[in-house]
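The next block holds one structure in the form of structure tokens; read it before the comments.
Readers should treat all values here as calculations from the given coordinates under stated rules, not as data from a laboratory. Quick caveat, the model's predicted, so the values are computed rather than measured. Ideal geometry is used to build each Cβ from the backbone, glycine not excepted, and the neighbour counts take in all protein chains shown.
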Amino acid sequence: MMYEFEIQNMTCGHCASTVEKAIKTADPEASTVIDLASKTAKVATRLDPSAINAAIETAGYPSSFTRI
């Protein structure tokens with residue numbers, strides 16, 4: 001499934017890298033596209049999106065998601 005995560009406080013390349021690392025830690029097989037300008041991450045995963053969301057939030061970035 002494909003989900004779009006809106007990520008608050010993601011303001012720089014280091015932030016985007018941290019978010020991507022958090023997603024990959026939760027699901028190493030996930031496909032991610034981070035868009036720093038829109039503060040979003042599109043993620044293709046088989047994992048429950050709540051688990052991805054929790055990983056992003058644990059990394060320090062409040063987020064929410066929708067299925068796309």
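May I ask you to list the residues in segment 1-34 that are assigned to a strand (DSSP E or B), of a type outside the set (A, V, I, L, M) and closer than 15 Å to Ser64 by Cα? Quick ask: steps written out before the conclusion?
Taking segment 1-34 first, the residues assigned to a strand (DSSP E or B) are 2-7, 31-34.
With of a type outside the set (A, V, I, L, M) added as a condition, the list becomes 3-6, 31-32.
Of everything in segment 1-34, those that are assigned to a strand (DSSP E or B), of a type outside the set (A, V, I, L, M) and closer than 15 Å to Ser64 by Cα turn out to be Tyr3, Glu4, Phe5, Glu6.
Working only within segment 25-66, note down all residues that are without any contact (Cβ under 8 Å) to a residue 40 or more places away in the chain, in contact with a helix residue (DSSP H, G or I) (Cβ under 9 Å, 6 or more places away or on another chain), more than 13 Å from Met1 (Cα to Cα) and surrounded by fewer than 18 Cβ atoms within 10 Å (Cβ to Cβ).
Thr25, Asp35, Leu36, Ala51, Ala54, Glu57, Thr58
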